[in-house]
Amino acid sequence: MLSRVRRGAAPVAVCAHRGDSAHAPENTVAAFELAIRNGADAIEFDVQYTADGQTVVFHDDELDRTTNGRGKVRSSSLEAIRGMDAGGWFSADYAGERVPTLDQALEVMKGRVVPVVEVKGRLRPASERASERAQRKAARYERTGQRLDRAAAALEERERWEESGGDSLEESLAHRAGQGGLPARVLRRIDRALERRLGRGLPHLRGGVDGRRRRLEARRARLERARAKLEAVLDRMEYSRAYVEAVVRAVERHDLVGRAILVVYGFRAVEMVREVNRELAVSVLTYTRRGARDALRREDVDGVDPRWQSLDADLVRRFHAGGKFLTPWTVNDPATMRRLVEMGSDAVITDDPALLRDAIDGYQVEWLLDCRRLIDSAPAREEEEDEG
């Protein structure tokens, strides 16, 4: 598994963050090509799902920071996104650079570097348990809506009684009855039944008709908000399933299952990937040492994509002992690069792959010089021992 990110005898793999994003517009073909020329072993990049079900290479939810477009990626079509300028914001030299699709990015990297594909967003798996829970909520909301409808009808009936001009319910019913009205005992029975009906299902509704109507409308508004939230959850479940499957199928089409790495946020997202393909390497994005330790205990996780500040030498050793790899992010100063190399990290993610390559080469030269000094000093020590 470690061979996916570490090549040959190099102590650490160079992983370019969104391509060579220090010198080219991030997440573009130009940045990917430059990263490869500057010695990257792997390229980390982000993918998102468009409104028409296509996967594009893009980091932000909003389009405006790195293109001349507006709006959300999820709400835009592939054609609209591909028509935007994704390079002019960085430099006039890159004006006209386009947002690549996932297929285009994988084609550029195939056979040249390891694709490290970060699936952006918090995915919500449509598990059987989650689906059943959503269905129970929908049924409960439907029953609540029916009770509110009955209560609204009862309130309308009470308003009609009051608007009929009668001082009491009995007088109103007597007026409606026409010739002579109804017996008093019947009127009282009807009155009690109607009062019970008004309160049934909504015992908290007290006061006059206006107060009851306001409370009824407030409860109906809460119900509509709950329904909208549930619909959003169901939509996210379907969206997440289609999104993950589209990413995995693209990796399969390019025959990169044994080479590429998928980075996701959260263990439920790992399970979603495993449902589609059990052979693909999956890494979990983490921000804290605790998050990294939690990932270490998971058998379905192959590696961790941690914030570099959360690592120490002991944690790196534990990951290697467990057969898992580490790709810490995002490091742009030589001192920290050297520190992670000395820890034994499998890879380092950086905006500047040439700088990291120089740091690794310098570390290797120093290591070789140290070895040479040890070798050169060995005969001298042996002569001292013989003389003794």
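The values are calculated or read from the model by the stated rules, or taken from the named source; none is laboratory data. Bear in mind that the values here come from a model prediction, so they are computed numbers and not experimental data. Reconstructed Cβ throughout: ideal geometry from the backbone, glycine too, with neighbour counts over all protein chains shown.
How many residues are touching a Ser or Thr at 6+ places or on another chain (Cβ under 8 Å), in a loop (DSSP other than H, G, I, E, B) and surrounded by 14 or more Cβ atoms within 10 Å (Cβ to Cβ) if we restrict to the stretch 276-325?
Here the count works out to 3.
Taking Val316 and the conditions (1) among the hydrophobic types (A, V, I, L, M, F, W, C); (2) under 20 Å from the mean Cα position of the chain (by Cα); (3) modelled with pLDDT under 95, which numbered condition does it fall short on, given that it satisfies the others?
(2)
So which residues in the stretch 250-271 are modelled with pLDDT of 90 or more and in a loop (DSSP other than H, G, I, E, B), if there are any at all?
His254, Asp255, Leu256, Val257, Gly258, Arg259, Ala260, Tyr265
What are the pairs, 6+ residues apart or on separate chains, where a residue within the stretch 94-114 that is on the phi < 0 side of the Ramachandran plot has its Cβ under 8 Å from a residue that is among the hydroxyl-bearing types (Ser, Thr, Tyr) and part of a loop (DSSP other than H, G, I, E, B)?
Tyr94/Thr28; Glu97/Thr28; Arg98/Thr28; Val99/Thr28; Val99/Thr67; Pro100/Thr28
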